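Quick notes on the structure that follows.
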Amino acid sequence: MSLLDVKNLTFSYGQEPLYLHASMRLFANEHAVLVGPNGSGKSTLLKLIEKQLRPDKGQITWLPNKKIGYLDQYQKLNLNQTVKHYLYDVFLPLFEKEKEMETLYHQASIADSKDQSRYLQWASDLQEQLMEDNFYQIKSQIGNVIHGLGLEMSVLDQPFKYLSGGMRAKIILGKLLLEEADVLLLDEPTNFLDVKHIEWLIKFLNQYEKAFIVVSHHEEFLSSIAQTVFAIEGQKIERYKGDFNFYLKERELRHRQQTQAFVNQQKLIEKTEAFIQKNIVRASTTKRAQSRRKMLKKIERIRPPQQSRVYHFRFPFSKTTGKDVFHSKALEIGYDEPLIEPLDFAILKEDKVVITGKNGVGKTSFLKTILGIIPALSGSFHWIDTADIAYFSQDETYDEMVTPFQYIHHLYPRFTKKEIYALLGAHGISYEMAERPLKKLSGGEQTKVRLAKLRHHQSNVLIMDEPTNHLDVEAKEALKEALIEYEGTLILVSHEKEFYEAICDYEISLYESD
């Protein structure tokens with residue numbers, strides 16, 4: 001019996017449906033991944049099956065009394081709340097049970113002999129229940145998740161307001177893993193994770209005794225966890241019962257078969273239509289022509305094979321700079337205390353450099369410091385006078401209802417409607433997406449809109465903070481080519497080694513301050 005049944009799902013944000021009579025089933029303990037290009041509706045599907053969105057048509061049915069855990073990296077947090085309080089909330093019923101047990105032991109200590117044994121028995125029963133629920137291993141469980149995701153135990157005492165975006169995302173993921181839901185719905189869980197922490201997550205998921213559906217563009221990660229692949233293809237959800245490598249081979253085979261079937265059917269249709277046109281007016285052949293016309297109407301048309309999207313990313317160059325573009329001297333960054341060791345280095349004209357370091361060390365804070373967004377704690381830095389800086393931030397907030405069209409129009413008010421839609425289209429944003437609120441787009445689509453705003457921003461220094469988060473394979477390749485072709489100086493923060501090694505000349509690693 002299946003945990004989840006999706007039948008004849010139809011859903012659209014505008015005229016073009018994301019799903020049209022799509023169906024899928026998830027079984028108990030099934031380890032599944034959900035794949036498809038940006039904009040195909042992966043995040044939307046998770047929200048539909050998690051009941052955050054309602055389908056236009058069709059049914060989404062869960063087996064009763066199943067706990068669903070959904071990863072929302074953008075969830076609102078109480079920034080004054082400590083991480084410990086946030087994580088311990090998972091075990092609140094157990095802590096309440098412990099409190100009740102302690103009360104019973106106290107009552108037993110002051111009760112007369114007649115009631116004492118009764119209180120002790122109740123307290124003992126509760127203690128056994130706590131032991132069965134591994135209550136006394138809670139600290140160990142939390143420590144395992146905290147360390148596995150690349151954080152220190154000291155983070156437990158920190159309020160969220162002092163944590164980076166990447167650290168917050170890890171804590172949100174960590175809490176979800178601790179909840180041990182019957183089904184995990186994980187949307188891009190590897191964002192902000194380094195290689196060894198991805199390896200820990202792979203091990204955790206492979207040992208997970210319940211079901212999950214994971215969305216990710218990290219193919220090595222998918223290859224390591226998938227036992228079933230759900231692929232969004234032509235507004236349908238196709239099931240591939242096998243690992244990720246099986247899916248890749250089977251998809252290629254199905255694509256070839258569909259291509260051949262489509263070509264053959266088109267030839268048949270053209271030949272039949274030519275016959276009808278030639279014979280419909282002749283008395284001797286009109287019945288045959290009419291018969292062929294009826295046959296043609298009844299044919300179930302084969303969909304043309306889905307083509308990979310083509311992206312046109314570009315970062316225009318403004319003017320040449322002198323040799324010494326940037327240098328720092330004993331630069332200390334952070335908020336109340338220095339995050340990293342003092343920085344002394346120079347970046348020269350046309351250098352392409354990647355900034356690395358473990359998550360939470362202060363890579364984004366470094367960029368914000370040298371951009372003047374936050375003040376330095378001490379030391380100094382200097383940009384050459386001729387620097388024209390373009391900046392791609394890791395996170396950006398949007399007004400509730402602003403659309404991609406409005407977002408670009410605000411930046412480029414002289415552009416015509418046609419020019420704005422063309423700009424967005426070159427970055428993989430369709431007309432329908434351009435009219436939808438930005439907040440309702442997937443992470444990959446939001447990234448592409450923010451890349452589009454740099455298309456006409458001339459610069460000679462380009463600063464990019466984790467631009468590959470949420471991007472599909474085709475978009476990543478297009479971005480890689482655009483950055484290789486960029487004529488200016490590039491400062492890149494990225495956790496994807498295979499991405500930045502093809503682009504950058506050298507690496508600057510940041511280390512925590514002692």
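The values are calculated or read from the model by the stated rules, or taken from the named source; none is laboratory data. Quick caveat, the model's predicted, so the values are computed rather than measured. No Cβ is skipped: glycine too gets one built from the backbone with ideal geometry, and neighbour counts run over all protein chains shown. All accessible areas refer to the heavy atoms of the entire protein, side chains included, with ligands and DNA or RNA removed. Shrake-Rupley method; radii C 1.70, N 1.55, O 1.52, S 1.80 Å.
Observations
- Residue match in segment 160-167 (condition: within 20 Å of the chain's Cα centre (by Cα), of a type in the set (Gly, Ala, Ser) and at pLDDT 90 or above): no
- Neighbours by Cβ (under 9 Å, 6+ apart or cross-chain): first from segment 318-329, closer than 12 Å to Lys349 by Cβ and at pLDDT 95 or above; second part of a strand (DSSP E or B) and open to solvent by 90 Å² or more (accessible area, probe 1.4 Å): none
- Checking Ile276, Ile302 one by one, the residue that is more than 30 Å from Glu481 (Cα to Cα), at pLDDT below 85 and aliphatic (A, V, I, L, M) is Ile302 and no other.
- Cβ separations smaller than 7 Å between residues 6+ apart or across chains give the following pairs from segment 60-89 residues that are farther than 16 Å from Leu26 by Cβ to residues that are of a type in the set (D, E, K, R) and surrounded by fewer than 13 Cβ atoms within 10 Å (Cβ to Cβ): Leu79/Lys161; Asn80/Lys161; Thr82/Asp157; Lys84/Asp157.
- Residue check for Leu176: more than 15 Å from the chain's Cα centre (by Cα), part of a helix (DSSP H, G or I) and of a type in the set (A, V, I, L, M, F, W, C): yes
- Residues that are in contact (Cβ under 8 Å) with a residue 24 or more places away in the chain, assigned to a strand (DSSP E or B) and closer than 12 Å to Phe381 by Cα, drawn from segment 343-371: Leu343, Phe345, Ile347
- Within segment 464-475, residues that are without any contact (Cβ under 8 Å) to a residue 40 or more places away in the chain reach partners that are open to solvent by less than 10 Å² (accessible area, probe 1.4 Å) and of a type in the set (A, V, I, L, M) with beta carbons closer than 7 Å, at six or more positions or on different chains, in the pairs Thr468/Leu479.
- Filtered residues of segment 287-316 (kept if in contact with a helix residue (DSSP H, G or I) (Cβ under 7 Å, 6 or more places away or on another chain), open to solvent by less than 100 Å² (accessible area, probe 1.4 Å) and more than 29 Å from Thr259 (Cβ to Cβ)): Ala289, Phe315
- Residues that are open to solvent by 10 Å² or more (accessible area, probe 1.4 Å) and part of a loop (DSSP other than H, G, I, E, B) within segment 326-342 comprise Tyr335, Asp336, Glu337, Leu339, Glu341, Pro342, listed in sequence order.
- Checked against the criterion of being in contact with a Cys (Cβ under 7 Å, 6 or more places away or on another chain) and at pLDDT 90 or above, the candidates Leu483, Leu492 yield just one match: Leu492.
- Test: residue in segment 325-339 that is closer than 30 Å to Lys196 by Cα and among the polar types (S, T, N, Q): no
- Some residue of segment 31-48 being more than 20 Å from Arg436 (Cβ to Cβ), touching a strand residue (DSSP E or B) at 6+ places or on another chain (Cβ under 8 Å) and either without any contact (Cβ under 8 Å) to a residue 60 or more places away in the chain or not in a strand (DSSP E or B) (or both): no
- Enumeration of residues in segment 130-148 that are at pLDDT below 85 and open to solvent by 60 Å² or more (accessible area, probe 1.4 Å): Met131, Glu132, Asp133, Asn134, Tyr136, Gln137, Lys139, Ser140
- Applying the criterion of at least 3 residues that are open to solvent by less than 20 Å² (accessible area, probe 1.4 Å) to the strands (runs of 3 or more DSSP E) found wholly in segment 427-514 leaves 461-465, 489-493.
- Hits in segment 390-414 - residues which are touching a residue at least 24 places away in the same chain (Cβ under 8 Å), in a helix (DSSP H, G or I) and surrounded by fewer than 17 Cβ atoms within 10 Å (Cβ to Cβ): Leu411
- Any hit, segment 62-76, residues being part of a helix (DSSP H, G or I) and either closer than 24 Å to Ala211 by Cα or not hydrophobic (A, V, I, L, M, F, W, C) (or both): no
Conditions (1) touching a strand residue (DSSP E or B) at 6+ places or on another chain (Cβ under 7 Å); (2) touching a residue at least 12 places away in the same chain (Cβ under 8 Å); (3) surrounded by fewer than 19 Cβ atoms within 10 Å (Cβ to Cβ); (4) farther than 22 Å from Ser442 by Cβ, marked per residue:
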{"site": "Gly150", "(1), (2), (3), (4)": "no, yes, no, yes"}
{"site": "Ser154", "(1), (2), (3), (4)": "no, no, yes, yes"}
{"site": "Met167", "(1), (2), (3), (4)": "no, yes, no, yes"}
{"site": "Leu177", "(1), (2), (3), (4)": "no, yes, no, yes"}
{"site": "Phe192", "(1), (2), (3), (4)": "no, yes, no, no"}
{"site": "Val195", "(1), (2), (3), (4)": "no, yes, yes, yes"}
{"site": "Leu201", "(1), (2), (3), (4)": "no, yes, no, no"}
{"site": "Val214", "(1), (2), (3), (4)": "yes, yes, no, no"}
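- Candidates Asp157, Asp125, filtered to the one that is under 25 Å from Lys196 (Cβ atoms), of a type in the set (Asp, Glu) and modelled with pLDDT of 85 or more: Asp157
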